[in-house]
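Written below as structure tokens is the structure these notes are about.
The values are calculated or read from the model by the stated rules, or taken from the named source; none is laboratory data. Treat the numbers as computed from the prediction; the structure is a model and nothing was measured. No Cβ is skipped: glycine too gets one built from the backbone with ideal geometry, and neighbour counts run over all protein chains shown. Protein only, heavy atoms only, side chains kept; ligands, DNA and RNA dropped before computing areas. Shrake-Rupley method; radii C 1.70, N 1.55, O 1.52, S 1.80 Å.
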Amino acid sequence: MIFDARDAYHAGMAKIIDYGRFAERLARKESRWGLLEEFQREWGYVDPGGEPQVTREGEAPGFVLEEAGPLPAALVEWWDSPVNSFAFRPRLYWTHSAWPPAGTDTADDPPGDEIRVVMSEYQYVNQWGYLASEAGHDDPKVMVNTGAGWVEQSRSISEFFLQLAMERLPAHFGWGLRVARKTVEDDPEIVERLRATHREMGFLPWQEMGTDSLSYGGPDVIVRHGRGPGADYAIVVQARTRAALTATLESLGITWAEEDVDPPSEIPATPEDLPPAAFTAGDSDDRGRWTVATTDAPRVPAEVPAPARDLPGRTVAASDGEVVVAGDAAGGVHAWTAEGARLGQWPLHRAPVTAIVCLPQEETHRIFSGDAHGVVRTWTTGPDGGRRTPFDRRGTPVTALAEGDLETGGALAAAWADGLVRLWSRPTGDRADLRLGTGIEALALDPSGTLHVTTANGTFVLELDQDLLWPARDLRLRLREIDWRSLRTNRGRAEEIPRLIAELASDDEAAAQAAVKELYGLMVSKRGARSAAAAAVPFLVERMLIPDNRARNTLLLLIADLAVGQGPAREAVRAVVPDLEHFRRDPHPSLRWAAEELVRICAED
């Protein structure tokens, strides 16, 4: 069964998980990391794809494991494990890793032994490590320094990293509410109700920063009771759903206001809910980006190039005439010359490779590959390899990839199992999302500007309008003509300005508004606009005059504020006032007000 991370998240949140029974899961833990993987998935953590941000090699270049003294096997396994969420997203944790394990520098060692630190709290107040005398154990207990000396934090290294994930991930992915110490002091029955309605999760008390916190579980909820003097809050409730948070607070007799609730910081994107792909000649999307030219194009049978035929576990293969590439069930990508000489193999994916394509470049070939977790990666057969982060990622399997040269330059297309097809202009990076439907088995891009879509029902040809497909493409090319590195913002060189201006064209209103906010921070100050502002004004006005721009109200205010003070930016804004004055008569009050501000500021001496 292929794991669809996004669907699993939304379906999983509908399935109630009783953390009151977590101690039973902990007791019967069948593998070191299986329960960690389950817990992370339950709270919405998804493997981001790509390479880890923190590695053993990066922490200690030149360190040779085989030449080191005894090291716990579980610690080495954790560092190298694909379920190590700290390695891939360390900012979820706000801790500092230690590799190789080192001596403590925050407290004296315990009598007759030494501590080998594996992790430190962000401010280095607390450190966690194992006893040097137990370094030869596969999975020794973990100690933590407290005001009373070193005490046992977790019964094993594997349990410690599970407990650390439990302390960190629900705060990011879940719904939360923190209850002040005074509230519990005024109503001590809250703790009694907690003990009566929820069960301990089976961990030892968490000792970070003097919290001495016990964790209790219930349906879709974890409740922490901070008993120590360092606990900022006596009760912290973290739930997988808002309903579970509400039910828990009511069961504990806690009153709260809406503003007290902390919503999730991150929620995986909602899956597309599309029917099977089906086309009729003449069909087009509502923005005119594609039109169905024919519904009975000949289906080109997939042919496995010779060098890839004998690859064990082969799942997909392709060739550009000079190079043959293939993916396997273990996530590996392989490349050969057309004559069969091996060019290399790379462990790019942590799921079966489901689509692959390659294209020639100067002195090398670029590979794009997609997998069953929805990750698209890119690599080259040359010495430079590829980038460590995914080219793209969605939480549903990649079903097809295609590349081709269009009138506007090179393009890449990818299809996912939920029916979304994404097209990129390779020269600029602009992308377009086409919701074509599920069941897409293959894609092909033709130089004539057509996209061939193959399903079980045949191959359909869609004519693409490239100007409508990537409306900001021309803008990006013109932005590249300006030497932004020579211009200044409030934070230094203006290299981020072109990306943010192009982001103003986003269909995503939140992304467009966020771009305006970031442009404010870069270009507007009490001392007047920075040098990049004058160069940016014509592009901002151009975006402002596009009727379907999603951030026009705030964008017009940004343009007005760039005119505050003296200098080239003010003159640039004053020159475009005639183009923007008509917004004083716009039906939207926010635009009318912003236009009045623009005129007022530009009229000031």
> Across the range 404-432, what is the number of residues that are among the acidic types (Asp, Glu) and modelled with pLDDT of 95 or more?
Replying inline: 1
> Among the residues of the range 297-313, which ones are under 21 Å from Ala413 (Cβ atoms) and either at pLDDT 95 or above or outside any loop (DSSP other than H, G, I, E, B) (or both)?
Replying inline: Ala297
> For the range 450-464, how many residues are at pLDDT 95 or above and either surrounded by fewer than 18 Cβ atoms within 10 Å (Cβ to Cβ) or within 28 Å of the chain's Cα centre (by Cα) (or both)?
Replying inline: 1
> For Ile267, are the conditions met, namely being at negative phi, open to solvent by 80 Å² or more (accessible area, probe 1.4 Å) and of a type outside the set (S, T, N, Q)?
Replying inline: yes
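A quick yes/no check of all residues on (1) free of Cβ contacts under 8 Å to residues at least 24 places away in the same chain; (2) of a type in the set (Val, Ile, Thr):
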| residue | (1), (2) |
| --- | --- |
| Leu445 | no, no |
| Thr450 | no, yes |
| Glu481 | yes, no |
| Arg493 | yes, no |
| Arg499 | yes, no |
| Ala514 | yes, no |
| Gly521 | no, no |
| Ser525 | no, no |
> For the range 227-248, which residues satisfy the criterion of being under 15 Å from Gln153 (Cα atoms) and in contact with a Phe, Trp or Tyr (Cβ under 6 Å, 6 or more places away or on another chain)?
Replying inline: none
> For residues in the range 44-73 being in contact with a helix residue (DSSP H, G or I) (Cβ under 9 Å, 6 or more places away or on another chain), open to solvent by 40 Å² or more (accessible area, probe 1.4 Å) and in a helix (DSSP H, G or I), which is nearest to Trp99 (Cα to Cα)?
Replying inline: Glu59
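Given Leu580, Leu562, Leu545, Leu558, which one is closer than 23 Å to Leu479 by Cβ, of a type in the set (A, V, I, L, M), out of contact with any strand residue (DSSP E or B) (no Cβ under 7 Å at 6 or more places or on another chain) and in contact (Cβ under 8 Å) with a residue 40 or more places away in the chain?
Matching residue, one of Leu580, Leu562, Leu545, Leu558: Leu558.
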> Which one of these is hydrophobic (A, V, I, L, M, F, W, C) and in contact with a helix residue (DSSP H, G or I) (Cβ under 8 Å, 6 or more places away or on another chain): Leu464, Leu423?
Replying inline: Leu423
> Out of Met119, Met143, which single residue is open to solvent by less than 30 Å² (accessible area, probe 1.4 Å), among the hydrophobic types (A, V, I, L, M, F, W, C) and touching a residue at least 40 places away in the same chain (Cβ under 8 Å)?
Replying inline: Met119
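Before we move on, is Thr106 among the hydroxyl-bearing types (Ser, Thr, Tyr), closer than 25 Å to Ala60 by Cα and open to solvent by 40 Å² or more (accessible area, probe 1.4 Å)?
It is true that Thr106 is among the hydroxyl-bearing types (Ser, Thr, Tyr), closer than 25 Å to Ala60 by Cα and open to solvent by 40 Å² or more (accessible area, probe 1.4 Å).
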> Could you count how many residues in the range 146-155 are part of a strand (DSSP E or B), open to solvent by 30 Å² or more (accessible area, probe 1.4 Å) and modelled with pLDDT of 95 or more?
Replying inline: 3
>> Is it the case, given these coordinates, that Arg299 is open to solvent by 70 Å² or more (accessible area, probe 1.4 Å), over 34 Å from the mean Cα position of the chain (by Cα) and under 25 Å from Ala351 (Cβ atoms)?
In response: no
>> I want to confirm something. Restricting to the range 187-219 and keeping residues that are among the basic types (Lys, Arg) and touching a residue at least 60 places away in the same chain (Cβ under 8 Å), which single residue is least open to solvent (accessible area, probe 1.4 Å)?
In response: Arg193
> Which residues, taken from the range 1-46, are at pLDDT below 90 and either in contact with a strand residue (DSSP E or B) (Cβ under 7 Å, 6 or more places away or on another chain) or among the acidic types (Asp, Glu) (or both)?
Replying inline: Asp4, Asp7, Glu30
> For Ala351, which of the numbered conditions (1) within 28 Å of Arg387 (Cβ to Cβ); (2) open to solvent by 20 Å² or more (accessible area, probe 1.4 Å); (3) in contact (Cβ under 8 Å) with a residue 40 or more places away in the chain fails to hold?
Replying inline: (2)
> Taking into account only those residues within the range 415-445 that are assigned to a loop (DSSP other than H, G, I, E, B), acidic (Asp, Glu) and open to solvent by less than 40 Å² (accessible area, probe 1.4 Å), which is nearest to Trp290 (Cα to Cα)?
Replying inline: Asp430
>> Being in contact with a helix residue (DSSP H, G or I) (Cβ under 8 Å, 6 or more places away or on another chain), modelled with pLDDT under 95 and of a type in the set (Val, Ile, Thr) is true for just one of Val125, Val118, Val76, Val142. Which residue is that?
In response: Val125
> For the range 319-342, what are the residues that are farther than 20 Å from Leu412 by Cβ, part of a strand (DSSP E or B) and within 31 Å of the chain's Cα centre (by Cα)?
Replying inline: Asp328, His334
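Give the residues of the range 91-101 that are open to solvent by less than 30 Å² (accessible area, probe 1.4 Å) and either assigned to a helix (DSSP H, G or I) or touching a residue at least 60 places away in the same chain (Cβ under 8 Å) (or both), sorted by residue number. Spell out how you get there, then give the answer.
Filtering the range 91-101 for residues open to solvent by less than 30 Å² (accessible area, probe 1.4 Å) gives 92-93, 95, 97-99, 101.
Passing the criteria: Leu92, Tyr93, Thr95.
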>> Is it the case, given these coordinates, that Val316 is open to solvent by 20 Å² or more (accessible area, probe 1.4 Å) and part of a strand (DSSP E or B)?
In response: yes
